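Undergrad: Have a look at the structure that comes next, please.
Each value in this text was obtained by applying a stated rule to the coordinates, not by laboratory testing. Everything quoted here is computed from the prediction, not taken from an experiment. Don't worry about glycine lacking a Cβ; one is built from the backbone with ideal geometry, like all the others, and counts go over all protein chains shown.
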Protein chains: 2
Amino acid sequence: MMNNETGGKVRVARERTLENIHAAAIAEFSEKGFQGATTQAIAQRAGIKKAQLHYYIAGKEELYEELLQKVLKVWGDIIQFDPTLSEPEAVLSRYIRNKLSFSFDQPELSRIFTSEVLSGGHYLQKYWPQATQNIVGKENLIHQWIVEGKIRPLDARLFIMHIWALTQYYADFAVQVKHMYGNFGGDTQAREHIIGEVTTLILNGCKDFAPPPSQGREQTSDF
Amino acid sequence: MMNNETGGKVRVARERTLENIHAAAIAEFSEKGFQGATTQAIAQRAGIKKAQLHYYIAGKEELYEELLQKVLKVWGDIIQFDPTLSEPEAVLSRYIRNKLSFSFDQPELSRIFTSEVLSGGHYLQKYWPQATQNIVGKENLIHQWIVEGKIRPLDARLFIMHIWALTQYYADFAVQVKHMYGNFGGDTQAREHIIGEVTTLILNGCKDFAPPPSQGREQTSDF
DNA sequence: GTCTATATGGGGATAGAC
DNA sequence: GTCTATCCCCATATAGAC
């Protein structure tokens with residue numbers, strides 16, 4: 001208290017340590033999963049001793065949940081349909097670009113979510129309702145596009161999930177991509193190429209091929 | 001030796017135990033990953049004691065590698081482009097159906113592979129060359145389709161990887177699908193619906209939209 | 001805040017009785 | 001083949017000196 005009148009230096013040092021811990025924990029949890037990760041390895045990656053780590057965190061489980069929340073928050077913030085756009089091409093392109101960029105930039109954070117889902121998703125119990133709610137908004141817009149004949153009739157919810165799956169792939173299976181396609185880490189050109197291929201696949205995939213001259217069409221999907 | 005002249009009963013009992021162990025290990029490894037899984041839990045799931053388990057297996061690592069090989073073998077056998085078919089629609093539909101069916105029927109086995117990739121894929125070192133070889137065959141056929149104008153120009157390798165990603169999704173994220181879409185476990189109707197949606201998305205996604213009346217087209221993808 | 005030392009529990013694996 | 005008991009190591013977490 002007394003030796004920290006500015007309230008700056010100590011706090012900054014503490015937060016830098018916490019950042020190191022977070023980065024280390026993200027790497028460790030995303031690789032080994034919650035059960036496979038060890039506080040020992042996290043401490044080592046963060047450049048501190050194990051006892052020191054436990055001085056900064058409440059426990060392994062609390063640290064894990066904190067990071068899980070972080071992914072969910074970022075996704076909730078960034079990965080949305082842009083409401084200022086209206087045409088399917090623009091909305092979907094933007095969405096794909098955002099989600100893919102996150103997969104490229106923060107693959108480990110993305111993988112924590114995947115690892116948790118693989119483990120049964122017990123730590124996501126509170127998250128599913130919110131996620132489903134989130135998808136409903138997108139679903140409604142897509143339904144509108146179908147009614148307006150802007151895209152072909154399809155199962156809107158599955159369509160969203162498929163886009164999510166395709167973009168998530170580049171985080172979860174980065175190792176596979178690297179081996180089967182070649183390295184593309186910081187290469188902007190390769191990233192743009194992938195974004196383009198995914199976007200085209202999706203946009204073509206929902207296009208109406210031979211739209212009957214001008215008549216309303218119904219959605220055939222009944223799921 | 002002497003009390004087993006038929007060579008049957010004992011062997012059968014042994015193999016039944018081994019099957020139980022395999023099933024238990026698949027469940028455990030797919031949930032927790034290699035590091036997170038414990039022989040304790042595997043034994044418990046198999047209905048035997050831990051010491052008993054170690055009588056049947058060479059070690060945790062050997063058991064894990066055995067199961068990994070199992071997935072790779074099944075994929076190598078089942079998930080191929082059918083050479084008796086030739087049209088893109090038929091080949092891709094069949095491929096998607098096979099891969100999706102495996103995701104539905106053996107999700108845990110599929111997830112072991114995913115978990116291993118998430119962990120860095122160190123146990124797959126020998127597998128990548130074979131997998132890449134496998135993809136090259138498909139790639140050549142797709143290139144042919146492009147030259148023949150049967151599908152639009154696209155990056156063939158990424159296209160294959162995207163189909164793989166979409167079908168793998170239903171194994172890895174089964175929990176997510178269940179929460180956001182509803183249960184679809186043994187429901188044949190729902191399975192067929194999903195197969196249909198994925199197939200249509202892919203087939204439309206690679207269709208040529210406004211093919212110029214009749215002229216060869218070049219492949220623009222240079223990756 | 002940071003260290004060494006340690007408490008306590010669980011991990012993989014084996015010995016040896018039955 | 002199956003059990004109990006055990007070895008030895010590593011896990012999470014804390015105590016307490018500095």
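Undergrad: To test your reading of the geometry: what angle, between 0 and 90 degrees and rounded to tens, separates the Cα axis of helix B:156-172 from the longest principal axis of chain B?
TA: Compared with the principal axis, the helix lies near 40 degrees.
Undergrad: In addition: Within 10 Å of each Cβ in B:129-141, how many Cβ atoms from other chains are there, averaged over the peptide? Kindly include the intermediate steps, with their values, before the conclusion.
TA: Numbers: counts 1, 0, 3, 3, 0, 1, 2, 1, 0, 0, 0, 0, 0.
Partner Cβ neighbours, averaged per residue: 1.
Undergrad: Please compute the average number of Cβ atoms from other chains found within 10 Å of each residue's Cβ in peptide A:118-125.
TA: Numbers: counts 16, 8, 3, 6, 1, 0, 3, 1.
Mean shielding count: 5.
Undergrad: While we're here: What FRET efficiency comes out for residue B:77 versus residue A:209 if R0 is 30 angstrom and r is the Cβ-Cβ distance? Round to the nearest 0.05. Spell out each step's value before the answer.
TA: Numbers: r = 35 Å, r/R0 = 1.16.
Step by step, r from the Cβ atoms, then E = 0.30.
Undergrad: Taking R0 as 41 Å, what FRET efficiency do you get between residue A:178 and residue B:56 from their Cβ-Cβ distance, rounded to the nearest 0.05? Let's see the in-between values first.
TA: Details: r = 37 Å, r/R0 = 0.89.
Once rounded, the FRET efficiency stands at 0.65.
Undergrad: Work out the mean other chain Cβ neighbour count within 10 Å for the residues of B:157-167 and drop it here as an integer.
TA: 6
Undergrad: Quick one: with label points 7 Å out along Cα→Cβ, list the inter-copy distances for residue A:66 in nm, shortest first?
TA: Distances to the matching label points in the other copies: 4.2 nm.
Undergrad: Within 13 Å, Cβ to Cβ, of residue B:132, how many net charges do the neighbouring residues add up to if Lys/Arg are +1 and Asp/Glu are -1?
TA: Values: positive: A:178, B:126, B:138, B:157; negative: B:139.
In short, +3.
Undergrad: A further question on this structure: Given 37 °C and 0.692 mPa s, how large is the Stokes-Einstein diffusion coefficient of the protein assembly as shown in µm²/s, with Rh as the Kirkwood radius over Cα pairs? Don't skip to the answer; put the middle values down first.
TA: On the way: Rh = 24.1 Å.
Once the numbers are plugged in, D ends up at 136 µm²/s.
Undergrad: Specify the angular offset, from 0 to 90 degrees and rounded to the nearest 10, of the alpha carbon long axis of helix B:60-78 from the longest principal axis of the alpha carbons in chain B.
TA: Its long axis makes an angle of about 40 degrees.
Undergrad: Helix-only estimate, please: 222 nm mean residue ellipticity of the protein assembly as shown, summing -39500 (n - 2.57) across DSSP H runs of length 4 or more and dividing by its residues, to the nearest 500. Don't skip to the answer; put the middle values down first.
TA: Working: 20 runs with 312 residues, N = 446.
Here the helix-only value at 222 nm equals -23000 deg cm²/dmol.
Undergrad: Still on this structure: Hey, what did chain A get for relative contact order, percent, Cα under 8 Å, at least 6 apart? Can you show the working numbers first?
TA: Numbers: 175 pairs, mean separation 45.6, N = 223.
Value for chain A: 20 percent.
Undergrad: List the distances, in nm to one decimal, from the label point of residue B:45 to the label points of the same position in every other copy, shortest first, placing each label point 7 Å from Cα along the Cα-to-Cβ direction.
TA: Those label-point separations list as 2.4 nm.
Undergrad: Can you give the local net charge around residue B:58? Use residues other than it whose beta-carbon is closer than 12 angstrom to its beta-carbon, Lys and Arg +1, Asp and Glu -1.
TA: Spelling it out: positives minus negatives among the neighbours equals -3.
Undergrad: Relative to the longest principal axis of the C-alpha atoms of chain A, give the angle of the C-alpha long axis of helix A:188-205, reported between 0 and 90° and rounded to the nearest 10°.
TA: It is inclined by approximately 40 degrees.
Undergrad: Here is a follow-up. Each label point is 7 Å from the Cα along the Cα-to-Cβ direction; what then is the distance between the points at residue A:45 and residue B:132, in nm?
TA: 2.7 nm
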